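Input: a single structure, listed below in structure tokens.
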Amino acid sequence: MSVHPLQARFSEQIGAAADLAALDAVRVAALGKSGEVTQLLKSLGGMDAETRAAEAPKIHALREAVSEAIAAKKEALENAELERRLATERLDLSLPAPDSPRGSIHPVSQVMDELAEIFADLGFSVAEGPEIEDDWHNFTALNIPETHPARAMQDTFYMEEKGADGAPMVLRTHTSPVQIRTMLKQKPPIRVIIPGRTYRSDSDQTHTPMFHQVEGLVIDKGAHLGHLKWILQEFCKAFFEVDNVKMRFRPSFFPFTEPSLEVDIQCKRDKGEVRFGEGDDWLEILGCGMVHPNVLRNCGLDPDEVQGFAWGMGIDRIAMLKYGMPDLRAFFEADVRWLAHYGFRPLDFPTLAGGLSQ
């Protein structure tokens, strides 16, 4: 089989290419959409059978030869460039090392990661929802109708914008509206935690207008308070990194749960520190209870078929308890000195196996 007459010309052009840009120009001229070799390949369809039988092998051989020559030349040019750089570039090891990256993970972000790790191990997923809520999701669906006295317990930020029911939109006062949204779009069994920002008009050493909460929700046919107690015990042992915890459940009132309970954890107060898993003192850490039948009905669930339980706690508060931070307001003052002291190393993600707060 004879060699195609174009092969010599392209071989010469490829060999003369001084850099990768010049080589690519040859490639486009030969093998591009409008390249000469491409046009020859397209012309095969218009040839008669005898001519095509004679020309096709030469044209295909031309394409292979040009492709292989370009690949070989490209490798040679890249190797030459690498050799040039190795010969000219030097690393002076006597120079001082550059400054290490500065910055740290905020304690709230750290605790959120710890919560996700603990509850993922217990079979929970993370649910999220909007921070600007309508009145129905934030109050009414949670068994807090317009005239309910529980609304006075929450100093709400109301907005000028109104929802579909004509009531003002609000900055959510708790993460509980996400419970409603989850039950409306997901069929039981449901096992979720809901971390996020919430808003109330309050500010002092232990309260800020914007703060963080995490809630848990379980909806299933056989869910009961025994399951809730076990989950909370396992959470406290993992989060506070102690082998044993003693918990005390006291009757309370929340409009969205019945019965409702507040939970205290055993602790020891010593020289301004709080230690868990020891001592004879108690500290309230969260509220919980069985989901109110009215809440289930508002979400289209039959309380005779399914039931569930929920709990909620302040992320900022449990971060203060675990890491010994005396004032909540410092969390949001953007003081780099505070963050350098209380922050965590970047990319050092908490794991149950390696230790949450290592």
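The values are calculated or read from the model by the stated rules, or taken from the named source; none is laboratory data. Here the structure is a predicted model, which means the values were calculated and not measured. Methodologically, a virtual Cβ is constructed for each residue, glycine included, from the backbone with ideal geometry; neighbour enumeration extends over all protein chains shown. Note: areas computed on protein heavy atoms with side chains; ligands, DNA, RNA excluded. Shrake-Rupley method; radii C 1.70, N 1.55, O 1.52, S 1.80 Å.
Worth pointing out:
- Taking each residue as 0.36 nm, the span from E78 to D327 lengthens on full extension beyond its C-alpha to C-alpha distance by 83.6 nm.
- Ratio of Rg to Rh over the chain (Cα coordinates, Kirkwood Rh, two decimals): 1.30
- Simple Cβ-charge dipole of the chain, Lys/Arg +1 and Asp/Glu -1, about Cα centre, in debye nearest 20: 480 debye
- For E273, net neighbour charge (Lys/Arg +1, Asp/Glu -1) across residues whose Cβ lies under 13 Å away: +2
- Length gained when the stretch E258-A54 is fully extended (0.36 nm per residue, less Cα-Cα span): 64.5 nm
- Amide H partners (placed H, <5 Å) of K162, local residues excluded: M169
- Calculated [θ] (222 nm, deg cm²/dmol) that DSSP helices of n ≥ 4 give over the chain, each run adding -39,500 (n - 2.57): -12000 deg cm²/dmol
- Summary value for the chain: 15 percent relative contact order, contacts being C-alpha pairs under 8 angstrom separated by 6+ residues.
- Fully extended contour minus Cα-Cα distance, from A21 to D304, at 0.36 nm per residue: 94.4 nm
- In the elastic network of the chain, a GNM with C-alpha springs shorter than 10 Å, the most mobile of S125, S109, S67 is S67.
- Among G343, G222, G32, the largest mean-square fluctuation in a Gaussian network model of the chain (Cα springs under 10 Å) belongs to G32.
- For the stretch 19-72, the solvent-accessible area of protein heavy atoms averages 57 Å² per residue (probe radius 1.4 Å; ligands and nucleic acids excluded).
- Ligands, DNA and RNA excluded, the heavy atoms of F254 present near 50 Å² of accessible surface to a 1.4 Å solvent probe.
- Antiparallel content of DSSP bridges confined to the chain, in %, to 5: 95 percent
- Residues whose placed amide H lies under 5 Å from that of H174, excluding near-sequence neighbours: Y199
- Ranked from largest to smallest solvent-accessible area, with a 1.4 Å probe on the protein heavy atoms, I132, I219 come out as I132, I219.
- Measuring nothing but how far apart in sequence close Cα pairs (under 8 Å, 6+ apart) lie, relative to its length, the stretch 1-125 scores a relative contact order of 26 percent.
- Accessible area of the stretch 213-358 belonging to carbon and sulfur atoms, whole % at 1.4 Å probe: 50 percent
- For Y342, the solvent-accessible surface computed with a 1.4 Å probe is close to 50 Å², ligands and nucleic acids excluded.
- Rounded, prolate or oblate (a/c below 1.5 giving rounded, otherwise prolate when a/b exceeds b/c) for the stretch 152-280 by Cα gyration tensor: oblate
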